[in-house]
Every structure is written in structure tokens, then in C-alpha cells.
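What follows is one structure encoded as C-alpha cells, with my remarks underneath.
None of the figures in this text is laboratory data; all of them are computed from the coordinates on show. Keep in mind it's a predicted model, so treat the numbers as computed, not measured. Don't worry about glycine lacking a Cβ; one is built from the backbone with ideal geometry, like all the others, and counts go over all protein chains shown.
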Amino acid sequence: MNQLTRRQLLGAAALPLLGANLVAAQPSRRPRVAAIYTVFRFRSHAHNILENFLMPYLFNGKRMESPCEIVSFYADQRSPTGDTTDEIARRHKIPIFKTIEGAMTLGGKELAVDAVLSIGEHGEYSFNRLGQHEYPRKRFFDEIVAVMRRSNRYVPIFNDKHLSYYWNWSRAMYDECAKHRIPFMAGSSVPLAQRQPMLEIPAGSMIEEAVSIHAGGIDSYDFHALEILQSMIEFRRGGETGVASVEYLAGDALFDAAQKGRWSLRLAQAAMAAEFGKNAPDIRRAIPGERAAEPHGLLITYRDGFRATMLKVGQSSIRWNFACKFVGDDRLHATRYYTGPYGNRCLFMGLSHAIQDCFVNRRSPYPVERTLLTTGLTESACRSRAAGSELETPHLDIRYAARDFRAVREMGESWRVLEGKPELRSVGMIGEK
């Protein structure tokens, strides 16, 4: 029997952070960073990340100054309404380059930066037949690494969200970084959010089943919920072993599978109760106050036999819930990932803090293999949906050990500082006019 005490499950709450000033051990010269992005407008990912590099930001209630210096911009597109690339570049005296190579070399011939932000989210890009947004992350990556290879100098790269919509390209990105020992960090802000109530998975736990829930779109928000799921269950006994198969189900077919015992409706309701309390709505019906949306889910079978489920329930941009059951313990343990005020914008303070830590220390605070696996899961979900059947995933034989990343997670102190303050409508320190 897996004997888990409440103290163990709430472990991180009682421990000091490994270092809220994790990036405090700064080098004598601030790392110079090239910002390569799709589009810069209010609330775009470029805005949400870069404002925490250009201005002070809050992390666990403390005012932080970035240890990095943004020295160049490359904008792949300009938004027809509200584009802010020129305004921010003028304000912060950052040169804008017409090519990624120019931003990497600062107009010269050799690599002239110490790290690269690759932010391939938002902008006008096509969707493919699987419903995936064809963001140019692989193109950005290839042009970034080409400059490094030519200069025979390799610096850290952060890739926003999943690696690519196409699995072979994603794997190639990971392999290229491994080949050249490029410090590679990827993923999104959501796993760094405050957990309410606090829930930790002690390393080596025997987990029987788990579920994560979001309320957004296929592909874009599926990735976030899969990342939440993975950031929890990777701590199970034996570490991550990879995924054997997935099956996308929607509507009645999804709930028929629950009735057959293929996934736990009870566990899903526990996850919703972390958000709504004792009066959590029945996920088989429309969520009160939200536009009706067909639920869908991904049933995941891991190579070690573990089962987990990712669900889309309702219509909300800030629904991030998780629940799990441990072997030998009938209790269900659940949490929601609380984003703080201003929707999901505040989460990027924690993500930016983690990226800066990577750029200074040349090591991702959590395994990039997590993002490789969730990238593959997201693409496989789209393929299973298109095929209308279960999909075997031998390519997701991705094994890795979890890494404690509490030091770069928001524990809620920043929200207490920001609650009740008006949202800043431009780039700046959130919560300050």
C-alpha cells in the first residue's frame, strides 16, 4: 500500500523555496538575448514574456529585475491592429532586424548574443487538415541554429509552447540540441501557476490514475492540459516511460468510455470540485454561465501500464484542473492551477523568471523531454481525432526523470500583491501604472 500522508502531499508548502532569487548568481555581464517572435501586440505571447525582460516583474511577491538584456528584435509579422514592435523598440532602444540572422548577429557576421527567445505563438498562420496551427517554430529554430553552427558557438534557446505541429520536426529540434549540447528549454506558463489547494506528487509515488482538465481549443489548449498532466505524473515510481497509445473521444463516445471503466468520471468530478467547490457542475452537462461546447478527451496508455486522461470541459480560458488517485488509497487528490488576476497574463512572470534562470545557468529548470512528450501527445491527439480510432505511438518512447522545479513556480504571493489593482494596458511591471 502506498502510504502518503497529508504532510507529504502538501510537502512543498512547508518547505522554503529552493531560491526565489534563483537567478541572483548573475554573471559579470548580463546575457544578451535575441527576441525572435511571430507578432507583438497587447496580450500576445511576445508581449507577455518580453515585458518581464524589459521591466521589473513580480515573482512570489518580490520585485525582480531581469538579469538578461534584450538586444535585438525580429518580428515575423506585423499585426494590422495594435502592433507594438516599433513602439517598444523605440522605448527600450532595441534594434529591429529584417532577418533572424540579423537579430542573432546584430547585423554582423558572427553570433553576437548569449541566448535566444523563440516565441512562435499568435499571428496570422494557416491551419492544417488536422486542425493544428502551423506556427513557424521549426523555421525559427533552423535559422537560429544555422547561425550558431556557422559561428561554432551554441547558446541557450527557449522555445515557447510545444516544439512543432509536425512530430518529425519536433524530434529533429530535440536531437539537434542534444547533438550540439545546446541548453534547450520549452513549454508554457501553466505548470508554474499556483496550485489551490497545494498538491505535490512525492517522487516515487505509486499513482493509479490521473486526469487533467481544460476548457479551450483543440491543439492549443490540449497542449496546456497535457503539460499540466505530465508535470505531475512524471514524478510517479519509475519516472517517465513514454506513451504506448492514445485515443481521442468526444461527446457521447467519451462518456460511454467512462461507463465502461476506461477513465474515471469520479476523478474528473474531483478535479472540477477543486475549481468550483462542493457544488461542482456535472461535466456531462453544459457548465452554467459558459457557452455550450462539446467535451472531448484523450485517453492515454503509458508504456508502464499507467492510464491518464486529458479532458476539455466547458468554455473558459482559465480552467486548469488536475486530480489523481494513489494506489491503495481510495481518497482522491485534486487541485486547480490558479492564474491570478488578469486572466493568464500573470503566469508569464513565473515563466519569464524560469527562462532567465535557464539563460543565466545554461540549464532548463525542468526537463525539455516533458515538452517533447507533450508535443508528441498533442499531435497524436489530432491524428487520432482525424482517424476516429485509437492510435499506437511507438515514436513516444520517451523516458526521463522528473526534476524538482518548485523554485520557479508561483506559490501565490504575487497574486496577493496584485488583487484589486487595474491591469496595465501596455508593456510594463504588471500592477503598476
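Excluding residue 45 itself, calculate the net charge of residues whose Cβ lies under 13 Å from the Cβ of residue 45, where each Lys or Arg counts +1 and each Asp or Glu counts -1. Kindly include the intermediate steps, with their values, before the conclusion.
On the way: positive: 41, 43, 137, 161, 345; negative: 51, 76, 121, 160.
Computed value for this residue: +1.
Between residue 65 and residue 178, the simple label model (points 7 Å from Cα in the Cβ direction) yields a spacing of 4.0 nm.
If the chain between residue 250 and residue 168 were fully stretched, how many nm would it gain, using 0.36 nm times the residue separation less the Cα-Cα distance?
Here the segment from residue 250 to residue 168 would lengthen by 26.8 nm.
Sorted on the mean count of surrounding Cβ atoms within 10 Å across their residues, most packed first, peptides 54-63, 161-170, 369-378, 280-289 read 369-378, 161-170, 54-63, 280-289. Based on alpha-carbon atoms, the Kirkwood radius and the radius of gyration of the stretch 364-420 give Rg/Rh equal to 1.20. Note on the stretch 78-200: Kirkwood hydrodynamic radius from all Cα pairs is 16.4 Å, rounded to one decimal.
At 1.567 mPa s and 4 °C, plugging the Kirkwood radius over alpha-carbon pairs of the stretch 159-219 into Stokes-Einstein gives what diffusion coefficient in µm²/s?
Values: Rh = 15.0 Å.
Result for D is 86 µm²/s.
Placing a label point 7 Å from the Cα of residue 237 along the Cα-to-Cβ direction, the residues of the stretch 325-342 with a backbone N closer than 19 Å are 325-333.
Estimated purely from DSSP H runs of n ≥ 4, each contributing -39500 (n - 2.57), the mean residue ellipticity at 222 nm for the chain is -9500 deg cm²/dmol once divided by its residues. Its Cα centre serving as origin, the chain has a Cβ charge dipole (Lys and Arg +1, Asp and Glu -1) of approximately 800 debye. Each label was represented as a point 7 Å from its Cα along the Cα-to-Cβ direction; for residue 130 and residue 260 these points are 2.4 nm apart.
Stick to Cα atoms and the Kirkwood definition of Rh, then tell me Rg/Rh for the stretch 123-187. Provide the component values of the computation, followed by the final result.
Details: Rg = 12.5 Å, Rh = 12.5 Å.
Using only Cα positions, Rg/Rh for the stretch 123-187 is 1.00.
How many angstrom separate the Cα center of the stretch 352-385 from the Cα center of the stretch 85-139? A separation of 19 Å, based on Cα centres. Its residues counted as N, the stretch 194-338 yields a C-alpha radius of gyration over 2.2 N^0.38 Å of 0.96.
Between the C-alpha center of the stretch 166-233 and that of the stretch 299-330 there is a gap of 13 Å. Once C-alpha pairs closer than 8 Å and six or more residues apart are averaged by separation and normalised to the residue number of the chain, the relative contact order reads 23 percent. Convex hull of alpha carbon positions in the chain: directionally averaged projected area 20.2 nm². Considering only 277, 309, 248, and ranking their Cα positions along the charge dipole of the stretch 194-338 that arises from unit charges at the beta-carbon of Lys, Arg, Asp and Glu, the one farthest toward the positive end is 277.
Considering only DSSP beta bridges where both residues belong to the chain, give the percentage that are antiparallel (nearest 5).
Values: 36 of 62 bridges.
Taking every DSSP beta bridge within the chain, about 60 percent pair in antiparallel fashion.
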